[in-house]
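Take a look at the structure below.
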Amino acid sequence: MINLDLEILSTGFVPKANNSYLFDYLDLRLELFVEKHQTTIGYSLRRSTHDREHQLTANGEVSNDSFVSLQCQPEEFRIIPATPNRPLLLKPIHAPNVFNSQEIRLWIAVPLNLQILVKNTLVYDLPVRQLSSTWYGEPDEGDLAYTLHCRMVQHKNIDEKNRGVIWCPIVLKNESPQIMTFSRFLFRANLLPLFCADNLFISAETDVIYKGQDHGADVSYGKTSPLEFVEATFLAQARQTEWDDNLLRRSFHFIKSISNV
Amino acid sequence: MLSSIMEYLHNDGVVKILILVVKVVVGYVFIQLVNYLFKKYLGRQMNRQSSTVISRFIVYGGVILLVMMVLDNFNVKLTTLLGTAGVMGLVLGFASQTSIGNIVSGLFLISEKPFVIGDMIKVGDKSGIVYSIDLLSIKIKTMDNQLIRVPNQTIISTEVTNITRFPIRRMDINIGVSYHDNLDKVEEVLREVARLNILVLDEPEPLVLFTGFGESSVDILFAVWFEKANYVAVKNSVIKSIKAAFDREGIEIPFPYRTLVTGKDGISVAGMANSKNN
């Protein structure tokens with residue numbers, strides 16, 4: 001069985017007939033049995049446990065598993081990296097503060113998904129790390145999202161060994177008279193295309209211009225690779241390529257607890 | 001009317017009948033074509049029940065026009081017929097007040113839209129998925145695969161709960177713990193159960209509410225929010241996790257038990273069992 005790593009996947013993985021492959025990383029175990037006219041895909045997702053800082057510490061029991069056999073030629077089979085299939089509710093472990101008229105640029109690590117396509121049809125969309133679900137908005141209207149407790153770091157602190165993630169640059173600009181505390185933000189990573197550079201998965205840049213608690217923020221999601229990775233290889237289109245501007249207005253929500261008795 | 005038809009047949013013969021048949025067939029095909037085009041281009045932009053009702057109006061209206069055309073061909077005077085129909089309508093109206101009430105209620109339902117096809121609703125003690133919304137009634141498919149027909153008038157006049165209207169729901173679980181247990185510990189364990197379950201939403205936050213002192217337990221309401229599609233998975237996993245976590249932490253869920261006293265001497269069964277063990 002050939003071990004698949006993320007580096008192979010980033011360079012465009014094409015399986016060969018009469019081989020079997022294994023991808024085993026964090027919560028996802030993926031097995032491929034490739035024959036001349038048939039590929040069998042099996043996967044299992046482990047239920048993760050997390051410590052107090054919500055960092056992954058150990059893998060526990062298997063929470064889900066599945067097997068499927070598909071009639072296809074090996075070259076019709078593709079695995080491509082992707083952003084999570086829902087927006088992410090960012091909750092930085094150390095929330096950055098931005099003074100008025102200031103701008104900072106930080107990076108966050110977003111867990112990777114793997115999309116398995118056969119004849120350009122999506123068969124599986126699997127997370128490398130399972131995140132807990134959350135709701136963003138009022139109980140009758142809002143967005144389903146995943147909670148992401150993350151560290152926001154500067155470029156020089158990007159951990160190159162942390163391979164199961166997409167590094168996403170976010171520019172925070174404060175145009176309000178108050179201090180902006182970036183403690184809670186709905187990050188629509190599904191609007192970002194993916195690139196590969198220096199063995200890292202990288203997304204396009206996101207700009208957040210904060211205008212105050214009453215005015216919200218202007219958020220824009222980029223389409224090109226970040227400045228320091230101009231020659232990055234294009235990997236995947238954004239999951240969602242068209243959107244309504246109203247969608248982006250729902251990015252800051254200050255009511256944290258909306259449960260009623 | 002019958003004499004007009006007989007006269008028509010006598011005067012014009014088979015050729016005219018054939019032409020009439022062709023007209024009817026072409027007319028019917030035309031009605032179906034209009035209905036098909038409506039469903040394909042306009043119906044998709046509407047919700048399913050409005051689309052169904054308009055589609056039925058197209059078909060029924062078309063068929064009525066077709067019948068009128070046929071009668072006109074037979075030289076039947078439509079004014080007389082409509083006059084008769086007016087009187088008949090009054091008679092039928094009195095005879096079918098319930099049906100008309102249902103139709104009017106159906107129109108109110110369509111405009112008010114308290115639910116759509118595919119929603120899970122509860123009417124009285126019956127609950128199920130809305131299967132169809134028709135002029136006279138709605139049909140509900142229950143979880144055990146039975147079809148219930150509820151007249152529209154009933155729907156309008158009774159309380160209807162739409163269980164799946166919103167994308168997320170709250171699941172309330174009532175638990176009792178022993179008076180000996182530390183309630184801070186119980187709350188911590190319940191919050192941990194919610195946090196570790198990836199199907200339970202982090203926000204809105206789970207609720208742990210100590211509701212009162214019961215006969216043999218401290219009663220707690222534990223409420224978690226979840227995506228409406230995950231009802232079964234969340235219910236099963238949360239209850240299993242609570243039981244496992246309470247067992248692990250030594251938290252007791254009290255339940256009533258009975259001691260049977262039998263025989264003349266009043267020796268309890270439990271007592272006999274104990275003496276046997278000794």
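The values are calculated or read from the model by the stated rules, or taken from the named source; none is laboratory data. Because the structure is a prediction, the values reported are computed rather than measured. As a convention, Cβ positions derive from the backbone with ideal geometry for all residues, glycine included, and neighbour counts pool all protein chains shown.
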Select from segment A:188-213 the residues that are assigned to a loop (DSSP other than H, G, I, E, B), hydrophobic (A, V, I, L, M, F, W, C) and within 15 Å of A:Ala109 (Cβ to Cβ) and list them in ascending order.
A:Leu192
With the condition kept exactly as written, say whether any residue in segment A:151-162 is surrounded by fewer than 16 Cβ atoms within 10 Å (Cβ to Cβ) and touching a His at 6+ places or on another chain (Cβ under 8 Å).
yes
Residue match in segment A:176-189 (condition: among the charged types (D, E, K, R) and within 14 Å of chain B (Cβ to nearest Cβ))
yes
Which one is modelled with the highest pLDDT among residues in segment B:121-148 that are more than 23 Å from B:Arg56 (Cβ to Cβ) and acidic (Asp, Glu)?
B:Asp144
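Conditions (1) farther than 30 Å from A:Thr39 by Cα; (2) of a type in the set (A, V, I, L, M, F, W, C); (3) surrounded by 18 or more Cβ atoms within 10 Å (Cβ to Cβ), marked per residue:
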| site | (1), (2), (3) |
| --- | --- |
| A:Glu76 | no, no, no |
| A:Val110 | no, yes, yes |
| A:Leu114 | no, yes, yes |
| A:His149 | yes, no, no |
Does segment B:159-210 hold any residues that are away from chain A (no Cβ under 14 Å), charged (D, E, K, R) and part of a helix (DSSP H, G or I), and which are they?
B:Asp184, B:Lys185, B:Glu187
Checked segment B:58-97 for anything of a type in the set (Phe, Trp, Tyr) and exposed (fewer than 13 other Cβ atoms within 10 Å of the Cβ); matches are B:Tyr60, B:Phe94
Read through the list (1) touching a residue at least 12 places away in the same chain (Cβ under 8 Å); (2) surrounded by 15 or more Cβ atoms within 10 Å (Cβ to Cβ), then give the number of the only condition that B:Ile198 fails.
(1)
(1) out of contact with any Lys or Arg (no Cβ under 9 Å at 6 or more places or on another chain); (2) surrounded by fewer than 20 Cβ atoms within 10 Å (Cβ to Cβ); (3) in a loop (DSSP other than H, G, I, E, B): which one isn't true of A:Ser220, the others all being true?
(3)
Kindly establish whether B:Ile175 is within 27 Å of the chain's Cα centre (by Cα), touching a residue at least 24 places away in the same chain (Cβ under 8 Å) and at negative phi.
no
Given segment A:104-145, what strands (runs of 3 or more DSSP E) lie entirely inside it while holding 1 or more residues that are touching a Cys at 6+ places or on another chain (Cβ under 8 Å) and within 14 Å of another protein chain (Cβ to nearest Cβ)?
none
